[in-house]
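Just below is one structure, and these are the notes that go with it.
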Amino acid sequence: MSTEVADVGSHLSRLSFLDTARTRTPVRRRIRSRGVPNALQGHLVAQSDSPRGATEFVSMLLGQSNIVVDPGHAEGFHATLHAIQTHDVAMAHLDLAVPCTLDVSQSPEVFTVHMTTVGEAAVSIGGIRHAITPFFALVVSPGMHYQLHLELDSPQLIIRIERTAMERQLSRMLGRALAAPIVFEPIGDLTVDAAVRWHGAIQILSSEVLSPGSLLRQGSGTEALGELLISTLLYIQEHNYSSGLRRPAASGRPAVRRSLDYIAEHLAEQITLDALSEYVGMSVRSIQSGFREDLATTPIAYIRDQRLLKVRAELKAAIPGDGFTVTAAAERWGFTHLGNFSVLYRRRFGESPSATLRR
C-alpha cells in the first residue's frame, strides 16, 4: 500500500520537512488516533498500513530510516503522523501502533527531541541501550545514528528544530559565532526541576495552536515561540557549549562585563580597542585576554557579530514596500564595504541579506 497523506493544500504546504510533490493521495479518515495531543488533533498529515509506506514520511521527518516490525504484530501495523510547523520548529506525534524498531542511519540537519508519551521505548546509540519513557527524553543532534525500539502502543511526541535556528539562537545567547557544531547529550532527564521550563514551553506552543485568537493563529509570533523552545532546550539539556552559557553570568570578569556594556551602548558608533581600554581602565591586552577566556572570541569579532545581529533584526522587521534596503541597514551598523558585509552575513546566517529582507 502506498503512503497516504492528508489535505496537501492546507497541511503539507506548512511542513517544510515533507516533500509535497510525492504525497498526493488523500488520507482515509479513521478513528481518532490514540494519545494525540489536543493541539495536533485535526493535523493528521500522513498514515500508512505498510512499513514501506510509513518509512517514506518518517524519513522526511527524522532522516533516512528503516522500520522493522515485530513479526508477531505485522497484521496490526498502522502508522500515523500528526504535525504542525511554526517557522523553524515543528511539533509532531508519531504512532506506529505495534512493537517495531526504527533505525535512523543519519539524522538530517535538524535537532529532534523524542518523548514517549505512554508505553515503553528504548534507544540504542553506539551499541548502548537507554530507556526512553515519559521521564527520559531522547535528544538527537544532526548526523546521529540511532535505533529506536518501540513497544506496543508507544507513540512519540517529537519536537523538530532546524539546525540553523538552533545555531543562530545559541550564538545570540553566547554573544559570538560558534566554533564547532552543537552536540547535545542524547538522554535528557525530564524529572529535574529545570525540565519544568521545557514542559511549560511546549504547553505555551500548544495553547497558541488551540486558541482562535492567539498571535500564532493570526500569522505572527511564530519566531518568538520557536526561540522560546530553542533557548529552553539549550539551557536545560547538556551540550558542548553549556559551560559557556553558564560562565558569563556566574564568573565573567568585570573587565569583560564593562566592555560588553560599553559595546552595547555605542554599537552604532565607531568602537576602538583604545576606547574600550580607557572606559574599562585596563590594558588592551587584558581586555583581549578576558574576551578569549570568558567568550572564546575577540572584542573585534564580538562587535562585528553583534552588528550582524542588529542588521538581521532590522531586515526581518522591515515592512514590504516601505523602501527599506539592505544597504541602509548595513551602513547604519557600520558596514561600509557591502561586498565584505554580504560574505560575513551569509557565513553567519546561512543566507544572503536580501533573502532575509524578502522573507
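Laboratory data are not the source of any read-out in this text; all were calculated from the coordinates shown. All of these numbers come straight from a predicted model, not from anything done at the bench. Every residue, glycine among them, receives a Cβ derived from its backbone with ideal geometry; neighbour counts consider all protein chains shown.
Things to note:
- Taken as Cα centroids, region 313-359 and region 182-204 sit 34 Å apart, rounded to the nearest whole angstrom.
- Multiplying the residue separation of GLU75 and SER283 by 0.36 nm and removing their Cα-Cα distance gives an extension gain of 67.5 nm.
- Virtual spin-label span in nm between ALA296 and HIS145, 7 Å along Cα→Cβ: 2.6 nm
- A cut-off of 5 Å between modelled amide H atoms, ignoring neighbours fewer than 5 places along the same chain, links THR133 with THR116.
- Ordering 91-104, 328-341 by mean Cβ neighbour count within 10 Å, with the highest value first, yields 91-104, 328-341.
- Simple label model, 7 Å out from Cα along Cβ direction - ALA180 to HIS199, nm: 3.4 nm
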